[in-house]
1. If you check D3 against the conditions, is it of a type outside the set (V, I, T), farther than 22 Å from L79 by Cβ and touching a residue at least 24 places away in the same chain (Cβ under 8 Å)?
2. What single numbered condition from (1) in a loop (DSSP other than H, G, I, E, B); (2) of a type outside the set (S, T, N, Q); (3) out of contact with any strand residue (DSSP E or B) (no Cβ under 8 Å at 6 or more places or on another chain); (4) open to solvent by less than 90 Å² (accessible area, probe 1.4 Å) fails to hold for P92?
3. Just for segment 18-77: of the residues that are of a type in the set (F, W, Y) and closer than 20 Å to R91 by Cα, which one is most open to solvent (accessible area, probe 1.4 Å)?
4. Using beta carbons and a limit of 9 Å, which pairs, at least six apart or on different chains, have the first residue in segment 36-61 and more than 13 Å from L79 (Cα to Cα) and the second one open to solvent by 100 Å² or more (accessible area, probe 1.4 Å)?
Amino acid sequence: MLDVMRVNGVEYTMIKIVGIIFGSGRYEKYIPIDIEVLEEHRKRGVAKALTSAFVKHCIECDLIPHWDCVESNTGSIRLAESIGFEKIKERPF
């Protein structure tokens, strides 16, 4: 959804951000992934598109993306597996 307005001859475009992904830190080559999608835009492929692009960029930059979530977050687990992540460790919390 784009809204365009003109103020004093300058045109502005306003967009609604429905999802965001970023590396929340870095340790050597490892980048932990944080992602959030507005609830009304979930299950529409937004998270998968963001994650695919982020992982591709990490690989191009010789970085290792790291996915971490709680066991009860089955949507996050399914998303990670659909991108190709594999579980390597479980934590007791």
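The values are calculated or read from the model by the stated rules, or taken from the named source; none is laboratory data. Just so you know, these numbers come straight off a predicted model, no measurement behind them. Cβ placement follows ideal geometry from the backbone for every residue including glycine, while neighbour counts extend to all protein chains displayed. Heavy atoms of the whole protein, side chains included, go into the accessibility calculation; ligands, DNA and RNA do not. Shrake-Rupley method; radii C 1.70, N 1.55, O 1.52, S 1.80 Å.
1. Values: of a type outside the set (V, I, T): yes; farther than 22 Å from L79 by Cβ: yes; touching a residue at least 24 places away in the same chain (Cβ under 8 Å): no.
Against the criterion (of a type outside the set (V, I, T), farther than 22 Å from L79 by Cβ and touching a residue at least 24 places away in the same chain (Cβ under 8 Å)), D3 does not qualify.
2. Answer for P92: the failing condition is (4).
3. Taking segment 18-77 first, the residues of a type in the set (F, W, Y) are 22, 27, 30, 54, 67.
Next, only the ones that are closer than 20 Å to R91 by Cα stay: 27, 30, 67.
Values: Y27: 148, Y30: 108, W67: 43 Å².
So the residue we want is Y27.
4. L38/K16; L38/I17
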